[in-house]
Amino acid sequence: MYLSYNPFTQIVEKSFSITDSDELSSKMLLSFKAFNDWKSSCFQLREQLLNKVADLLEERMFDYGKLITFEMGKPISQATAEVEKCAGVCRYFATHAVNFLESKTIESSATASQINFEPLGTIFGVMPWNFPFWQIFRFLAPTIMAGNSVLLKHASNVPLCAEAIEQVFLDAGAPIGVFQNLFVSYSQVETVIASPIVKAVTFTGSNVAGSIIAELAGKYTKKSLLELGGSDSFIIFEDADLNAVLENAIMSRFLNAGQSCIAAKRILVHQDIAGEFISNFQSLVENLSIGNPMDKNTYVGPMVNQKALNELHKQVQKTIQMGATCLTGGYPSYDMTSVYMPTLLVNIPYNSPIWQEEVFGPVAAVEIFETNEQAIEMANDTNFGLGASIWTEDMDIANWASKSLNVGMVSVNSMLKSEPALPFGGINESGYGRELGGNGILEFVNAKTVSYFS
Ligand code: NAP
């Protein structure tokens, strides 16, 4: 069942039953038919659609923001910003898709040869709740601009967001079937992936579910893309600008109640500035405004649900039992449902859950390093490989560190963020493939080689 449930007020707004198999079959057929027209539509038409979607997102930013806040507890100011960002990604691909997909001429033994980029068919997205609009739009905008049709299985706790996204496409004039939301069960996910109509699957979410989806994609010989968890490092070298560091460390770790794949999950600070950083950081953490996510002044709202909060609390407690020091927080709010007190841990054992596992909540972990080489060693001591941010004024250190980090993305002197122009994705257990930018749009096209001989 798909359930719209507010984690803060515990109000259930609406429930949706699973799509029955006849309805699923007709939606898949519709997707196939829609693709057959959409694949030969001109770029101008696709561009008009995405720009219209962007207009509507901007007009409805506050309504959609409230929906996000209601269903998964993101503070309203962050939720409306998320919707605005979705308008941006639509405009970006509306403008740039035509260039990314332009045929490329290549030198070869043929008289002439080129690569043409053609749509694949229906692309199936299985998506998480933590950015319930952004995660969808960041694959939807390029995929639709490339001439594919899309089916979505959204997380079961954000059904109203899923419906709203489908509706915004219809309101913008999208041909019926180009984008459809499905309320499917796990077993129906296999039915969808198995269908010959579906040519590829893109997954964002946990490692456990990601490997199931990848296995299914392998079983049915479908291309897959995985955006999984992370344990990103945030490395503060000795000469870093501490004011900028502090502001970014707070944002990176505590936005969305810490429920972001690219949050600064392991903060590493040089020993000479560690004392100053930790005491200033602690006072900022203690002053974060927590509470009702519908209040525009709230910075840290509830976690997505009580189960996620309990799991986080277990990770924190076990890490403290193993010897870590908790400087602030470390417990759930006594009077607010699903709110975890912003927490700061130091002296963290490397074999503890906070260091070894993904920490998906408002808990900052700070460790001290003595040499720059040690910082990189600590940063690379993880099975994940999503991103990292590094802080230094010295570009030699920045270049050396960015080359030495085993990750898909590095940001120098800024927290790691996603933006439409920059390819986004990880390596190792953080997944494979890229979303966004030129690389992102090429994931779900057929790069067809055509050679002419005379
Ligand atoms: P999740 O539990 O893996 O769920 C993601 C999606 O997979 C949901 O739609 C879920 O459906 C579905 N799903 C789960 N198990 C499935 C199964 N056995 N068969 C078919 N579908 C299944 O992840 P989450 O808790 O929503 O998201 C948090 C995770 O996502 C974190 O690890 C985070 O780091 C990662 N994430 C990564 C990125 C990135 O870009 N790398 C971005 C955002 C989030 P139900 O809701 O119905 O269970």
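The values are calculated or read from the model by the stated rules, or taken from the named source; none is laboratory data. Every value quoted in this text rests on a predicted model; they were computed, and no experiment measured them. Quick reminder, even Gly has a Cβ in these numbers, built from the backbone with ideal geometry, and neighbours come from all protein chains shown. Note: accessible area is taken over every heavy atom of the protein model, side chains too, but ligands, DNA and RNA are not part of it. Shrake-Rupley method; radii C 1.70, N 1.55, O 1.52, S 1.80 Å.
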Practice item. Scan Val359, Val339, Val366 and give me the residue that is open to solvent by less than 10 Å² (accessible area, probe 1.4 Å) and either over 30 Å from Pro7 (Cα atoms) or within 16 Å of the ligand (Cβ to nearest atom) (or both). Key: Val359
**Study point:** strands (runs of 3 or more DSSP E) wholly inside the stretch 106-153 that include at least 3 residues being open to solvent by 10 Å² or more (accessible area, probe 1.4 Å)
**Key:** 112-119
Revision key, fill the gap. When the stretch 430-454 is checked residue by residue, the ones that are assigned to a helix (DSSP H, G or I) and more than 10 Å from the ligand (Cβ to nearest atom) are Gly437, Gly438, Asn439, Gly440, Ile441, Leu442, Glu443, Phe444
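Could you please let me know if Met127 is of a type outside the set (Phe, Trp, Tyr), touching a residue at least 60 places away in the same chain (Cβ under 8 Å) and within 12 Å of the ligand (Cβ to nearest atom)?
yes
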Review point. Tell me, which residue of the stretch 415-429 that is away from the ligand (no atom under 12 Å from the Cβ) and open to solvent by less than 30 Å² (accessible area, probe 1.4 Å) is nearest to Ile213 (Cα to Cα)?
Key: Pro420
**Study point:** Selection count where residues are touching a strand residue (DSSP E or B) at 6+ places or on another chain (Cβ under 6 Å) and either within 15 Å of the ligand (Cβ to nearest atom) or assigned to a strand (DSSP E or B) (or both), scope the stretch 342-353
**Key:** 4
Review point. Here are some conditions: (1) under 20 Å from Pro423 (Cβ atoms); (2) touching a Ser or Thr at 6+ places or on another chain (Cβ under 7 Å); (3) within 14 Å of the ligand (Cβ to nearest atom). Leu151 meets all but one. Which one does it not meet?
Key: (1)
**Study point:** Test for Met336: is it over 26 Å from the mean Cα position of the chain (by Cα) and aliphatic (A, V, I, L, M)
**Key:** yes
**Study point:** Only listed residue being in the same structural domain as Val346 (by TED's automatic domain parsing), under 23 Å from the mean Cα position of the chain (by Cα) and open to solvent by less than 70 Å² (accessible area, probe 1.4 Å), chosen from Asn305, Asn310, Asn280
**Key:** Asn305
Review point. Within the stretch 94-101, is there a residue that is in contact (Cβ under 8 Å) with a residue 40 or more places away in the chain, open to solvent by less than 10 Å² (accessible area, probe 1.4 Å) and under 25 Å from Asn439 (Cα atoms)?
Key: yes
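Could you check the stretch 195-256 for strands (runs of 3 or more DSSP E) lying wholly inside it with 1 or more residues that are open to solvent by 30 Å² or more (accessible area, probe 1.4 Å)?
By residue number, 198-204, 223-227.
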Exercise for review: Read through the list (1) out of contact with any strand residue (DSSP E or B) (no Cβ under 8 Å at 6 or more places or on another chain); (2) surrounded by fewer than 20 Cβ atoms within 10 Å (Cβ to Cβ); (3) in contact (Cβ under 8 Å) with a residue 60 or more places away in the chain; (4) closer than 27 Å to Tyr432 by Cα, then give the number of the only condition that Asn383 fails.
Suggested key: (3)
Practice item. Give Glu163, Glu190 a once-over and let me know the one that is of a type in the set (D, E, K, R) and either over 21 Å from Leu226 (Cα atoms) or more than 16 Å from the ligand (Cβ to nearest atom) (or both). Key: Glu163
Exercise for review: Please tell me if Leu170 is more than 22 Å from the chain's Cα centre (by Cα) and either touching a residue at least 60 places away in the same chain (Cβ under 8 Å) or assigned by TED's automatic domain parsing to the domain that holds Asn36 (or both).
Suggested key: yes
Review point. Does the stretch 257-277 hold any residues that are open to solvent by 10 Å² or more (accessible area, probe 1.4 Å), in a helix (DSSP H, G or I) and in contact (Cβ under 8 Å) with a residue 40 or more places away in the chain, and which are they?
Key: Gln271
Practice item. Could you please let me know if Ala112 is assigned by TED's automatic domain parsing to the domain that holds Val158, closer than 20 Å to Phe169 by Cβ and in contact (Cβ under 8 Å) with a residue 40 or more places away in the chain? Key: no
Point to revise | Selection from the stretch 202-223 of residues that are more than 7 Å from the ligand (Cβ to nearest atom) and among the polar types (S, T, N, Q) | key: Thr202, Ser211, Thr221
**Study point:** Residue that is surrounded by the fewest Cβ atoms within 10 Å (Cβ to Cβ) [pool: residues in the stretch 69-87 that are more than 15 Å from Val300 (Cα to Cα) and in contact (Cβ under 8 Å) with a residue 40 or more places away in the chain]
**Key:** Lys85
Practice item. Answer yes or no: is there a residue in the stretch 172-179 that is within 15 Å of the ligand (Cβ to nearest atom), open to solvent by less than 10 Å² (accessible area, probe 1.4 Å), at negative phi and touching a helix residue (DSSP H, G or I) at 6+ places or on another chain (Cβ under 7 Å). Key: no
